[in-house]
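Asks: Supplied in structure tokens, the structure appears directly below.
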There are 2 protein chains.
Amino acid sequence: MARYALGLDFGTNSVRALVVNVAGGDEIATAVAGYPSGKDGVVIDKKDPNLARQVPADWRAGLAKCVGAALEKAKGKKGFKPKRIIGIGVDTTGSTPLPVDEKCQPLADQARFKKNPNAYAWLWKDHTSFAEAADITALAAKEHPEYLAKCGGTYSSEWFWSKALHCIRVDPDVMEAAASWVEMADYIPGFLVGCDAPADLKRSVCAAGHKAMYHASWRLPAADMLDKLDPALGRLRREETFEQALPSDQVAGQLCPTWAKRLGLEPGIPVAVGAFDAHMGAVGAGIAPGTLVKIIGTSTCDMMVHPNTQPLKDVPGVCGIVDGSIIPGCFGLEAGQSAVGDIFNWFVQQFAGGKAAAHKKLTKEAAKLEPGESGLLALDWNNGNRTVLVDVRLTGLLLGQTLHTTPAEVYRALIEATAFGARVIIERVEEYGLKVNDVINCGGIAEKNPLLMQIYADVTGRPMKISRSAQTCALGAAMFGAVVAGKDAGGYDKIEDAQAAMAGLKPTVYQPDPDAQKTYDRMYKLYRQLHDAFGTRLWQGNMHNVMKEMLVIRDEARGG
Amino acid sequence: MARYALGLDFGTNSVRALVVNVAGGDEIATAVAGYPSGKDGVVIDKKDPNLARQVPADWRAGLAKCVGAALEKAKGKKGFKPKRIIGIGVDTTGSTPLPVDEKCQPLADQARFKKNPNAYAWLWKDHTSFAEAADITALAAKEHPEYLAKCGGTYSSEWFWSKALHCIRVDPDVMEAAASWVEMADYIPGFLVGCDAPADLKRSVCAAGHKAMYHASWRLPAADMLDKLDPALGRLRREETFEQALPSDQVAGQLCPTWAKRLGLEPGIPVAVGAFDAHMGAVGAGIAPGTLVKIIGTSTCDMMVHPNTQPLKDVPGVCGIVDGSIIPGCFGLEAGQSAVGDIFNWFVQQFAGGKAAAHKKLTKEAAKLEPGESGLLALDWNNGNRTVLVDVRLTGLLLGQTLHTTPAEVYRALIEATAFGARVIIERVEEYGLKVNDVINCGGIAEKNPLLMQIYADVTGRPMKISRSAQTCALGAAMFGAVVAGKDAGGYDKIEDAQAAMAGLKPTVYQPDPDAQKTYDRMYKLYRQLHDAFGTRLWQGNMHNVMKEMLVIRDEARGG
């Protein structure tokens, strides 16, 4: 008798439900629901481009909608019945913390906070807290450098404590009203299992470890350090009484009757501890030691694992190294690029007519160009640089424009820039002893854009493989659902077993082209020159050669 | 009885005829005709963005058409009759040399060269000859540094000898067939007066002095130096037997019967020696010592004059210092920006929908932005940098893009970049002892874009005045027509007298706003940093501060 797991993937703009056959990974039904508020589900502020919030009620409404739709579709498939769903896994964006009351209900649900974005969830890409991130980094560097060593040496404005501290500073009423701040990755499983107090929430080691400076040996950062930033932040820390944050092979609880009814499922189904989308996506793509999984979407996450029985140096600029955050028994490493698909979307929206078809048209034209032909070179920092500079106060740069420069040329230069950024990350982790033997890509862009994949192969000099599943995040979540169900219930005892049964690759592999690789090696040197000149204080020379060399490359590419 | 002068202005994309009342400068009729070949009259090569050529037959066809149309309009005005036209002046783009045969006919007219762009006119903005320019500069620096001192220290790829040498190298058949190479500014008056041998052409001191290293004391550069570049270049020099190049208050000849008939004018009307559009435009705008005239079009020309009785240092990076090239008795100084309107047009064409209305829309939106608000900073080098870097091998740069950057923000940043470039020029000439007491702007953009004029005032910290005439080039040409006619015929004896009678300013003056000026002073420092870092070898520091400081400025501008 077939058994199924349900993966729930809460992305930036929508939530997806995926019903997977536990035996072979067959994805029998899926559905997506958007979030009604803001622009594509994100509440923004025209006056402050750093602000990005979400309304928690949107998540709940979207969840009910997409699970209902997925089950409807699944019911058409032979062998499926809702009661054959044996486990549920959940992944979410993060760090996306939200203030909750003593019942673990979002403050945003309260009438008095309904119109106050500070009481909403602070979406991962909210950058309002850059000053607080700098304060936290400076203080931790002095008092607890060990906290920073596990998160790339710099605490980010995207992360938990920065956001809470910014809220304290700009909107103390919200902080006053909050019984706790919780990560979305904990909040979602929490309400599914009927948790009604923050203290009872099972906390994800993925969220706590990567974003809140949690470590098994010291737990959350010291309250007396946080006091120095603001006593309210120290208080928030003191109220976090959980003993241990957990990996996702652990059970958060059982599906509560209220949500079972709302979703059309049996109550009591085990729900796994949550984790971030990228981490579960890496699992769904088949991550293992030596394999880099790149999840390419609006931003990129670069995931690796390393057995926790072997030594591992801290890698400067790599956002997080957390034991069990991806695979239990391995350190999970998270790097990433703050904007990838977002850059292409921005360009098309603003500078190429804004229609979805423009992506296709530009890609087609850009594919006709030789590497270097446009003479353009870009820095992919429109949303700052996450890895390896860990600096949101950086911006995009485009260089090499003439009076003949076309949108397709710029589009290609932007793709190339993200590829150069990807190469910087690979070189950094290898420099610190993590061998990258394999690169598996997943996410919509990896699937749909052969040009981008070929450029990534050419720029990095490595074959680019593609995950078989188009929904690796939801699939990874479903795998953890199968693991918390356990072997006896028709699931698995270990996530590696679930991966072996449920993950796979597509037949197409993008191989690097040696000529393109040569040109990109030269361009990458110039990219690094700009990268280091604009992004670090290391660079002492002038930059006079950059444009000259780009023009030589361009002319050669054109056969001159 | 009213007397009229006819000004003929050959621009990059079209030719204009202007009929002016000599007494008060009243412009009674004007007409424009395009050139039929290529893209907007410019023959380009998709494979080589440096190439820009023109078909000489287009000029003749356009001339007949626009003069005919202007005369038709003028005939409707009281007091006008074609025979009351007492003189003709001609200005053209330059350096725009073309190969001609022994009859002074363009090689491009011959059937065998009809499809060979190397036999066409090499338009000023043709940059194919950058390698030759470097060779000429290197050799002249060694053997005749005095040649370079008068043209900013670097011989340009846009200029006469570079283009001829490039033709020798890439297409020796064309050079073999050429009896001479002549500037468009000499060729046009030449055919109007029926000149049928290159040796009989009156040569413009403006063209020869600014573009061909001509100087009264040594005439054209030494043939034995040119021999070292190529014997064919030495031969070309030896065949140039003219004794003296002339300012435009001198007569090139009388309108020949053939062209009189074709244009519908009386034969025998005196035609002035030609000059470049910018030089005559400066005259039409009312140039005098202490007044900078900016002619803002696709590119910008910055013109000054300095009495030749007073000492004047050579100004590094200022393209030319030539006695009599603008006003007889004064040194004429020419500086400029290789692309201004061209940059805005490129941006609108490629990135903002391409419609003419887009300029208006973007200008309207850009006008709502505060200085610095976008966080963007650009280098205006999409067509290289003419002054003060004299380097065509530079390209555009845009810095500060986020995921929220809009076309209007980029449009404004591009305007600001050209304003910063304009300020570099003013600072350079003042540094070398030429006081800029007044700035008079002319050209379509100066007239039609108050935003651009305000930004120029704010960036330079100087009031921006606008020439009364919308057609200062053609008006300046007409003034020289009035001068070659002479006082006895109803014209003038000196160009200053013609200016006094025929030039004027508009009532609107753009005054610098002190707040905007302060912000722009800060941005200008960063512009200079990029300018010097990317454009020179002077800069030793890193550039880490650039984006940071731009973001601080942006946030402050937004009131943060």
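The values are calculated or read from the model by the stated rules, or taken from the named source; none is laboratory data. Source: prediction; values computed, not measured. A quick note on method: Cβ atoms are made from the backbone with ideal geometry, for glycine too, and the neighbour counts reach across all protein chains shown. We work out accessible area using only protein heavy atoms, side chains counted, and drop any ligands, DNA or RNA first. Shrake-Rupley method; radii C 1.70, N 1.55, O 1.52, S 1.80 Å.
Asks: Dividing the convex hull volume of the Cα atoms of the range B:387-462 by its residue count, what figure in Å³ per residue is obtained?
Replies: Taking the convex hull of the Cα positions in the range B:387-462, it is 124 Å³ per residue.
Asks: Sort B:176, B:158, B:143, A:266 by heavy-atom solvent-accessible area, probe 1.4 angstrom, most to least.
Replies: From most exposed to least exposed: B:176, A:266, B:143, B:158.
Asks: Any idea how far apart residue A:26 and residue A:365 come out in nm if each label point goes 7 Å out from Cα toward Cβ?
Replies: Between residue A:26 and residue A:365, the label points sit 4.5 nm apart.
Asks: Run through the other copies and list how far each one's label point is from that of residue B:114, in nm with one decimal, shortest first; the point sits 7 Å from Cα along Cα-Cβ.
Replies: 7.9
Asks: Within 10 Å of each candidate Cβ there may be at most 15 other Cβ atoms; applying that plus a DSSP loop requirement, which chymotrypsin sites (Phe, Trp or Tyr not before Pro) in the range B:380-444 survive?
Replies: Loop-located and lightly packed - B:432.
Asks: Treating the protein assembly as shown as a set of equal point scatterers at the Cα positions, no solvent, please give the Debye-formula log₁₀ I(q)/I(0) at q = 0.05, 0.09 Å⁻¹.
Replies: After summing over all Cα pairs, the log10 values are -0.41, -0.98.
Asks: Moving on to the next point. Would you kindly state how much longer the chain becomes between residue B:111 and residue B:218 on full extension, computed as 0.36 nm times their sequence separation minus their alpha carbon distance, in nm to one decimal?
Replies: So the chain would gain 34.7 nm between residue B:111 and residue B:218.
Asks: At residue B:14, label 7 Å along Cα→Cβ: distances to the other copies, nm, ascending?
Replies: Shortest to longest, the spacings are 4.9 nm.
Asks: Right, next: Taking the Cα centre of the range A:4-273 as origin, sum charge times position over the Cβ atoms of Lys and Arg (+1) and Asp and Glu (-1), and report the length of that vector in debye to the nearest 20.
Replies: Computed charge dipole of the range A:4-273: roughly 1080 debye.
Asks: Tell me, which residues of the range A:371-405 get at least 50 Å² less accessible area when the other protein chains come in, versus the chain alone (1.4 Å probe)?
Replies: A:382, A:393, A:395, A:401, A:403, A:404
Asks: Further question on the same structure: Could you list which residues have their amide H under 5 Å from that of residue B:441, counting only those 5 or more apart in sequence or on another chain, with H placed in the peptide plane?
Replies: Amide H neighbours of residue B:441, under 5 Å, 5+ apart: B:294, B:465, B:466, B:467.
Asks: Tell me the Kirkwood hydrodynamic radius of the range B:144-241 in angstroms, computed as one over the mean inverse distance between distinct C-alpha pairs.
Replies: 14.0
Asks: What share of all Cα pairs of the range A:1-110, in percent, falls into each consecutive 10 Å distance bin?
Replies: 14, 39, 28, 16, 4, 0
Asks: Using θ = phi - 60° and the Karplus curve 6.51 cos²θ - 1.76 cosθ + 1.60, what whole-Hz ³J(HN,Hα) does each residue of the range A:156-164 get, with Gly and Pro shown as x?
Replies: 8, 5, 7, 9, 2, 5, 4, 5, 4
Asks: Of all beta bridges DSSP finds with both residues in the range A:4-273, what is the antiparallel percent, to the nearest 5?
Replies: 75
Asks: Over the range A:255-380, what relative contact order in percent results from Cα pairs under 8 Å that are six or more residues apart? Before the final figure, lay out each step's value.
Replies: Details: 154 pairs, mean separation 21.2, N = 126.
Across the range A:255-380, relative contact order equals 17 percent.
Asks: What base-10 log of the normalised intensity I(q)/I(0) is obtained for chain A from the Debye formula, alpha carbons as equal point scatterers, at q = 0.07, 0.10, 0.12 Å⁻¹?
Replies: Results for chain A at q = 0.07, 0.10, 0.12 Å⁻¹ read -0.38, -0.80, -1.15.
Asks: What length, rounded to one decimal in nm, is gained on full extension from residue A:515 through to residue A:138, with 0.36 nm per residue of separation minus their alpha-carbon distance?
Replies: 131.2 nm
Asks: Between the range A:1-40 and the range A:310-349, what is the C-alpha centre distance in whole Å?
Replies: Taking the Cα centre of each part, the range A:1-40 and the range A:310-349 sit 23 Å apart.
Asks: Can you tell me, using C-alpha contacts under 8 Å and at least 6 residues apart, the relative contact order of the range B:4-273 as a whole percent? Let's see the in-between values first.
Replies: Working: 553 pairs, mean separation 48.9, N = 270.
Across the range B:4-273, relative contact order equals 18 percent.
Asks: ³J(HN,Hα) across the range A:196-213 via Karplus (A = 6.51, B = -1.76, C = 1.60, θ = phi - 60°), whole Hz, x for Gly/Pro?
Replies: 10, 7, x, 5, 8, 4, 7, 9, 6, 5, 4, 5, 5, x, 7, 10, 10, 6
Asks: Oh, and also: What accessible area, in Å² to the nearest ten, does a 1.4 Å probe give for residue B:104?
Replies: Ignoring ligands and nucleic acids, residue B:104 comes out at about 10 Å².
Asks: Can you tell me the alpha carbon radius of gyration of the range B:4-273 divided by the globular rule-of-thumb value 2.2 N^0.38 Å? Write out the running numbers ahead of the final one.
Replies: Numbers: Rg = 18.8 Å, N = 270, 2.2 N^0.38 = 18.5 Å.
It is 1.02.
Asks: I would also like to ask the following. Rounded to the nearest 5, what % of DSSP beta bridges with both residues in the protein assembly as shown are antiparallel?
Replies: Numbers: 109 of 147 bridges.
The antiparallel proportion sits near 75 percent.
Asks: Pull up all non-local amide H partners of residue B:340: gap of 5 or more, or a different chain, and H-to-H distance under 5 Å with H placed in the peptide plane.
Replies: Close amide H contacts, sequence-distant or interchain: B:299, B:300.
Asks: Picking from A:23, A:179, A:516, whose Cα lies most toward the positive end of the charge dipole for chain A (charges on Cβ: Lys, Arg +1; Asp, Glu -1)?
Replies: In chain A, that residue is A:23.
Asks: Might you report the magnitude of the Cβ-based charge dipole of the range A:71-189 about its Cα centre, with Lys and Arg at +1 and Asp and Glu at -1, to the nearest 20 debye?
Replies: Roughly 1160 debye for the range A:71-189.
Asks: Let's test the formula: R0 of 41 Å, r as the Cβ-Cβ distance of residue B:81 and residue B:505. What FRET efficiency results, to the nearest 0.05?
Replies: That pair, residue B:81 with residue B:505, gives E of 0.85.
Asks: I'd like the interface area for chains A and B: accessible area of each alone minus the complex, both sides summed, 1.4 Å probe, protein heavy atoms only. What is it in Å² to the nearest 100?
Replies: Interface between A and B: roughly 4500 Å².
Asks: Past 27 Å, Cα to Cα: identify those pairs from B:163/B:435; B:81/B:202; B:142/B:163; A:65/A:115; A:46/A:368; A:65/A:125, in the order given.
Replies: B:163/B:435; B:81/B:202; A:46/A:368
Asks: May I ask you to derive the FRET efficiency for residue A:48 and residue A:357 from their Cβ-Cβ distance with R0 = 22 Å, giving the value to the nearest 0.05?
Replies: 0.10
Asks: Once the label point is set 7 Å along the Cα-to-beta-carbon vector, what list of distances in nm do you get between residue A:79 and its counterparts in the other copies?
Replies: Ordered by increasing distance: 9.9 nm.
Asks: Please give me the summed charge of the neighbours of residue B:147: other residues whose Cβ is under 14 Å from its Cβ, Lys and Arg +1, Asp and Glu -1.
Replies: +1
Asks: Hey, another quick one. Starting from the coordinates of the alpha-carbon atoms of the range A:286-440, obtain the Kirkwood hydrodynamic radius over all distinct pairs and give the value in Å to one decimal.
Replies: Its Kirkwood hydrodynamic radius stands at 16.6 Å.
Asks: Residue A:1 to residue A:69: FRET efficiency via 1/(1 + (r/R0)^6), r the Cβ-Cβ distance, R0 22 Å, to the nearest 0.05?
Replies: 0.35
Asks: May I ask you to rank B:405, B:154 by accessible area, largest first, using a 1.4 Å probe over the protein chains only?
Replies: Values: B:405 0, B:154 40 Å².
Putting B:405, B:154 in descending order of accessible area: B:154, B:405.
Asks: Say each of residue B:200 and residue B:493 gets a label point 7 Å from the Cα, pointing the same way as Cα to Cβ; how far apart are those two points in nm?
Replies: 3.2
Asks: Something else now. Over the Cα atoms of the range B:206-263, how large are the radius of gyration and the largest Cα-Cα distance (Dmax), in Å?
Replies: Gyration radius and largest Cα-Cα distance of the range B:206-263: 15.5, 47 Å.
Asks: Which of the chymotrypsin sites (Phe, Trp or Tyr not before Pro) found in the range B:180-238 are in a DSSP loop and have at most 13 neighbouring Cβ atoms, other than their own, within 10 Å? Kindly include the intermediate steps, with their values, before the conclusion.
Replies: Working: sites: B:181, B:187, B:191, B:214, B:218; in loops: B:214, B:218.
Passing sites in the range B:180-238 are B:218.
Asks: Hey, another quick one. Given H placed on each backbone N at 1.01 Å, which residues far from residue A:432 in sequence or on other chains put an amide H within less than 5 Å of it?
Replies: So residue A:432 has HN proximity to no qualifying residue.
Asks: What number, rounded to the nearest 500 deg cm²/dmol, is the helix-based mean residue ellipticity at 222 nm of the protein assembly as shown, given -39500 (n - 2.57) per DSSP H run of at least four residues and division by all its residues?
Replies: Taking each H run of at least 4 residues, the total per residue is -12000 deg cm²/dmol.
Asks: Once the dipole of the range B:255-361 is set up with Lys and Arg at +1 and Asp and Glu at -1 on Cβ about the Cα centre, which of B:304, B:357, B:337 lies farthest towards its positive end?
Replies: B:357
Asks: If you don't mind, there's one more thing I want to ask. What dipole magnitude, in Debye to the nearest 20, does the protein assembly as shown give about its Cα centre under +1 on Lys/Arg Cβ and -1 on Asp/Glu Cβ?
Replies: Around 2820 debye, computed over the protein assembly as shown.
Asks: Output the peptides A:456-467, B:77-88 sorted from most to least packed, where packing is the average of other Cβ atoms within 10 Å over each peptide's residues.
Replies: Peptide ranking by packing, descending: A:456-467, B:77-88.
Asks: Apply the Karplus parameterisation 6.51 cos²θ - 1.76 cosθ + 1.60, with θ equal to phi minus 60°, to every residue of the range B:360-375 and state each ³J(HN,Hα) to the nearest whole Hz, in sequence, with x for glycine and proline.
Replies: Calculated HN-Hα couplings, in order: 5, 4, 5, 4, 4, 5, 5, 5, 7, 7, 7, x, x, 5, 7, x Hz.
Asks: DSSP beta bridges in chain A, what fraction antiparallel, as a percent rounded to 5?
Replies: Antiparallel bridges: around 75 percent, rounded to the nearest 5.
Asks: With a cut-off of 8 Å between alpha carbons and a minimum separation of six or more residues, what is the relative contact order of chain B in percent?
Replies: Relative contact order comes out at 16 percent.
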